[in-house]
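Written out below as structure tokens is the structure these notes cover.
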Amino acid sequence: DLVAVDNNHVRVNLLGKWGNVVGNSRWSAGPVIHLDFGRDESDSPKLRGLSDVGTSFELGGYVGYRAGPYRLRLQFRQDIANGHHGATLDLHGTIKLYKGEKLVIAPDIVVTWATARYMKSFFGITATQSAASGLPTFRAGSGFKNVSFSLLGNYDLSQHWSVLAHIGYKRLLGDAAASPLVRLRGAAD
């Protein structure tokens, strides 16, 4: 009821039981810690000449609202470790399509907006990087970075154990999709 850990992401609910600020409130809020491992130029030949993006330690916060089977969450994170130097804002929307005694099925949609510093780090191409990589220069600005759709399944094996299944699709948007790195060496999907 206090901490949610998901891979390299931690949310802490400081305002009562998980999903509740006070009693039966529909609101939740608290701090967020996220570790973004960046990228190394050596990770792929497609990144040749584009420089490394360092590991980012991101701090932020979230606010959530729950009404029946619907849940909305707005989350902000800012790099404080000089990795990508930027910030992101995520809007999550989830609905429980099916809730049985042991099984829950829920689709999830997430839209991410990123600052120009974040976008520049991952999708921008400077003149120096252009000369080293062969890609044209590109100035990435702030805007919507991606949208993702997921289908989540949770099956309770016992009171303390469950099995999770997750399938998803993510599409880059805006300057992230328009970057020559994505257009010429990758894919927006």
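A few points about this structure:
- Placing +1 on each Lys and Arg Cβ and -1 on each Asp and Glu Cβ, with no other charges, gives the stretch 139-189 a dipole about its Cα centre of roughly 360 debye.
- Given +1 at the Cβ of Lys and Arg, -1 at the Cβ of Asp and Glu and no other charges, the dipole of the chain around its Cα centre is 480 debye to the nearest 20.
- Available extension along the chain between LEU72 and ARG48 is 4.7 nm, counting 0.36 nm per residue and deducting the alpha carbon span.
- Computed over the stretch 121-189: relative contact order in percent, which uses C-alpha pairs under 8 Å that are six or more apart: 31
- Here the spin labels are modelled as points 7 Å beyond Cα on the Cα-Cβ line, and at ILE167 and SER148 they lie 1.7 nm apart.
- Normalised size of the stretch 132-186, defined as Cα radius of gyration per 2.2 N^0.38 Å with N residues, equals 1.82.
- FRET efficiency for ASP40 and THR137, using Cβ-Cβ distance with R0 set to 25 Å, rounded to 0.05: 0.70
- When the Cα positions of GLY68, THR88, GLY49 are compared along the charge dipole of the chain, GLY68 comes out farthest toward the positive end, with charges on each C-beta of Lys, Arg, Asp and Glu.
- Net length gained if the chain between THR126 and LYS96 were fully extended (0.36 nm per residue, minus Cα distance): 6.3 nm
- Average accessible surface area per residue within the stretch 73-189, 1.4 Å rolling probe, Å²: 57
- Whole-number D in µm² s⁻¹ for the chain, Kirkwood Cα-pair radius fed into Stokes-Einstein, 37 °C, 0.692 mPa s: 179
- Anchor LYS145: lysines whose Cα lies under 24 Å away (excluding residues fewer than 8 positions away in-chain): LYS46, LYS120, LYS170
- Gyration tensor verdict on the stretch 65-173 (Cα atoms; rounded if a/c is under 1.5, prolate if a/b is larger than b/c, oblate otherwise): prolate
- Computed from label points 7 Å out along Cα-Cβ, the spacing between LEU59 and ILE105 is 4.3 nm.
- Backbone N atoms of the stretch 136-165 closer than 15 Å to the 7 Å Cα→Cβ label point of LEU184 belong to residues 136-140.
- Calculated mean residue ellipticity at 222 nm for the chain: -3500 deg cm²/dmol, from DSSP H runs with n ≥ 4 weighted as -39500 (n - 2.57), summed, divided by the residue count and rounded to 500.
The values are calculated or read from the model by the stated rules, or taken from the named source; none is laboratory data. Please read all numbers here as calculations on a predicted model, not as lab measurements. Here the Cβ is made from the backbone with ideal geometry for all residues, glycine too, and neighbour counts use every protein chain on show. Calculation scope for accessible area: heavy atoms of the full protein, side chains included, ligands and nucleic acids excluded. Shrake-Rupley method; radii C 1.70, N 1.55, O 1.52, S 1.80 Å.
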